[in-house]
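One structure is given here, and the rest of the page talks about it.
The values are calculated or read from the model by the stated rules, or taken from the named source; none is laboratory data. All of these numbers come straight from a predicted model, not from anything done at the bench. Heads up, the Cβs are rebuilt from the backbone with ideal geometry, glycines too, and the neighbour counts pull from every protein chain shown. Areas reflect the complete protein model, heavy atoms only, side chains present, ligands, DNA and RNA absent. Shrake-Rupley method; radii C 1.70, N 1.55, O 1.52, S 1.80 Å.
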Amino acid sequence: MFLDILASLQRLFVGYIPAVVLGSFIGYFIGLNSMIYQLFRLIFQIPHSIPPIALLPLSLIAFQESESAAIIVVFLGTLWTMIINTAIGMRHFHRQNKNFRAAIFHLFHALKVSIWVAWFIVIATEMLIGPRGLGFTLWDAYKAGNADYIIQEILYIGIIGFMLDQLLDFAAYILSQMVSDGKKSS
């Protein structure tokens, strides 16, 4: 079980981290100017509207290897989510007189939505192409008809997703406490 958890987390972070870095930069620059924001928001909504798991067959054809294909799908699904949510956060940041706490809130919201998307993609791709990971073992338990093991796998998936979410919430809280919102305390 431990190796399956590690395999799932490895797929998650290998696709998620580069997408977050690139998506944050692109979203930041798009969010700086309202005209550019309006134009690119519409352009990026097109690939964002495609369910990322639908890209798996194309990724398998292009990369001919399931591990690389799964990571690329995680990367692409996370990238569009990160770009759009970061750009929205930057627009709110500018509308709220450059309130850094608002910026932190929106950035971490983008990170959380992106990790939810990435985690979903990891589990779904593992269910489809295996050969290891929590999604694969969940699907394997289903094929074996083992309801207890299915429930156990679902709990593992849920607990890990919850812990990732809480980790981002905690980081956002710490960072927002360190940054002044521009108001002097009396």
Item to check | Long-range neighbours under 7 Å by Cβ, at least six apart or interchain, first residue under 18 Å from ILE53 (Cβ atoms) and aliphatic (A, V, I, L, M) within the stretch 135-164, second assigned to a helix (DSSP H, G or I) and open to solvent by 70 Å² or more (accessible area, probe 1.4 Å) | outcome: LEU138/ILE154
Next on the checklist: Being over 19 Å from PHE25 (Cα atoms), open to solvent by 60 Å² or more (accessible area, probe 1.4 Å) and among the β-branched types (Val, Ile, Thr) is true for just one of ILE129, ILE150, ILE123, ILE154. Which residue is that?
Outcome noted: ILE154
Next on the checklist: Of the conditions (1) touching a Ser or Thr at 6+ places or on another chain (Cβ under 7 Å); (2) on the phi < 0 side of the Ramachandran plot, GLY133 satisfies every one except a single condition; which number is it?
Outcome noted: (2)
Checklist entry - Would you say ILE5 is closer than 20 Å to LEU164 by Cα, assigned to a helix (DSSP H, G or I) and more than 15 Å from the chain's Cα centre (by Cα)? => result yes
Next on the checklist: So for the stretch 8-17 (the condition being within 15 Å of ASN85 (Cβ to Cβ), within 18 Å of the chain's Cα centre (by Cα) and not acidic (Asp, Glu)), does at least one residue qualify?
Outcome noted: yes
